[in-house]
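Below: the structure, in structure tokens.
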Amino acid sequence: MSQNRSSAVMQHRAEPTDSLDDFPTPPWATRALLAFLKQMNQPLDVQHAWEPACNRGQMARVLGEEFAEVWATDVYDYGYEGMAGRVDFLMPDLEPLLGIDWIITNPPFRLGPQFILRALELAEVGVAVLVRTSFDEGTARYQALFRDTPETWALPFVERVVMWQGVLLDPDVPVWRPSKDDPTQGKMEKPSSATSYQWLVWLKPAVAVDEITASFKRRIPPCRKALTRPGDYPPVPAHLRAPAGLSPAPLLEEL
């Protein structure tokens, strides 16, 4: 039986244990979370947020659109000019920042439970993490996290959130996909992904949640186009452009 090696299937999120898990977050996905928090009457404009896995700043910049102040750190320096410093968020002797209302991040997948539990120790109001929809599956993760610390809201996206390793791509802009058999041949495809994502949100116990608004699962409706802004995406990197002199096959439209 032949394997399904389409770009959508191959762009799954499977990382070796020593990987930095470099999957930049599309800005619209962060704006969807902020819109929800504002609907839940969170006064973001007077609150402070910490993004402890800031990567190249894709999420931190968007958090800055709504929060009064954003503190951005990472264990590795990706070159984000707004990063406050290199910080290992899971170090046991990490000195906590004062006055941090929210900790919001796209954590390394294999360290997700540790990131969440640490964030709940440090945040004063709440924690939100962008994770795969399969993140809340599995006995080990249930015992480590969800059994004793269930989330307040699960917010699965009904649209695909396209995240590729090491690069932020506009899903409406085709990229070059070379042929597996002949690298001189290829086709243009819109970036896609086989992985589905959701936001998981925890409110600290001291924060009251009205019973009417405390519905556990809230699907995020289609909103990518409405929440995309000019300048959200950098130019397509050179290695994803059609080689000079080659004639790519016609663009494959999404079904």
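Here the accessible area is traced with a 1.4 Å probe on the protein chains. For region 33-122, carbon and sulfur cover 51 percent of it.
Average accessible surface for region 27-152: 45 Å² per residue, computed with a 1.4 Å probe over protein heavy atoms with every protein chain in place. Within the straight-line cut-off of under 19 Å between alpha carbons, the lysines reachable from LYS217 are LYS38, LYS204, sequence neighbours fewer than 8 places apart in one chain being disregarded.
Scalar couplings 3J(HN,Hα) for region 232-237, obtained by applying the Karplus form with A = 6.51, B = -1.76, C = 1.60 to θ = phi - 60°, are 5, 10, x, x, 4, x Hz; x denotes Gly and Pro. Projected label points at ARG86 and GLN143, each 7 Å from Cα along the beta carbon direction, are separated by 3.6 nanometres. Among the lysines, which fall within straight-line cross-link reach of LYS187, defined as a Cα-Cα distance under 26 Å, with same-chain neighbours fewer than 8 residues apart omitted? Reachable lysines: LYS225.
Assuming 0.36 nm per residue, please report the length gained on full extension of the stretch GLU121 to LEU98 beyond their Cα-Cα distance.
7.1 nm
The values are calculated or read from the model by the stated rules, or taken from the named source; none is laboratory data. No experiment lies behind these values; they were computed from the predicted model shown. No Cβ is skipped: glycine too gets one built from the backbone with ideal geometry, and neighbour counts run over all protein chains shown. Just so you know, the surface numbers come from the protein's heavy atoms only, side chains and all, with ligands and any DNA or RNA stripped out. Shrake-Rupley method; radii C 1.70, N 1.55, O 1.52, S 1.80 Å.
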